[in-house]
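Heads up, the thing below is written out as structure tokens.
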Amino acid sequence: MKTKLTLTIDNELIPKAKEHARQADLSLSQLIENNLRAIILHRTESVLELEGILHDDGRVPVPPEEMQRSVEEMANELSRLTGESKSETVRRSLEERWDRLKNILSPTGRGERLRHFLENEVWSRIPKDQIGKRLSKEEEDVILGYGPEGV
């Protein structure tokens, strides 16, 4: 469970921290949480002492016993929400992740699917006399909701 927390931080530090989080593809909350978790898990008082402990993406390595507990809790909760057995929940989750990774790893998969969708679901429904025809300024304004008094 997550709880909202208000922090007071030096104004000059905030934009630098946000940029650091953005580069790590994390929210600022995730960056702070990861660093706090690292400090607590590794019983240190400084992030500087953790150099080399964090993963390259800023995540904190989770001790095996905590990882197992977390996996069990997620599987139980997802199983409860879906009404599936825990085994079925885990199987489907792995299958869905596998499908997503196959699409990411396949350089042509996404492009081919997009082109297929456009050809069969979008372009095929455009009337032939409209293909290649540009909208007039007035037609664009109507679509965008512009009128005599603005938007």
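What distance in nm separates the simple spin-label points at Glu149 and Gln30, each placed 7 Å from Cα in the Cβ direction?
So the two model labels end up 4.4 nm from each other.
For Thr8 and Leu114 in one chain, what is 0.36 nm times their gap in residues minus the Cα-Cα distance, to one decimal in nm?
Details: separation 106, 0.36 × 106 = 38.16 nm, distance 4.60 nm.
Full-extension gain reported as 33.6 nm.
Can you give the extra length, in nm with one decimal, that the chain gains between Ala75 and Asp129 once fully stretched, where that is 0.36 nm per residue apart less the Cα-Cα distance? Intermediate values should be presented prior to the final figure.
Values: separation 54, 0.36 × 54 = 19.44 nm, distance 5.41 nm.
Between Ala75 and Asp129, full extension yields 14.0 nm more.
How much FRET efficiency would the formula 1/(1 + (r/R0)^6) give for Arg97 and Glu121, where r is the Cβ-Cβ distance and R0 is 35 Å, rounded to 0.05?
Given R0 = 35 Å and the Cβ-Cβ separation, E is 0.85.
No lab work stands behind these numbers, since they all come straight from the coordinates. Given the structure is predicted, the values throughout are model-derived calculations rather than measurements. Heads up, the Cβs are rebuilt from the backbone with ideal geometry, glycines too, and the neighbour counts pull from every protein chain shown.
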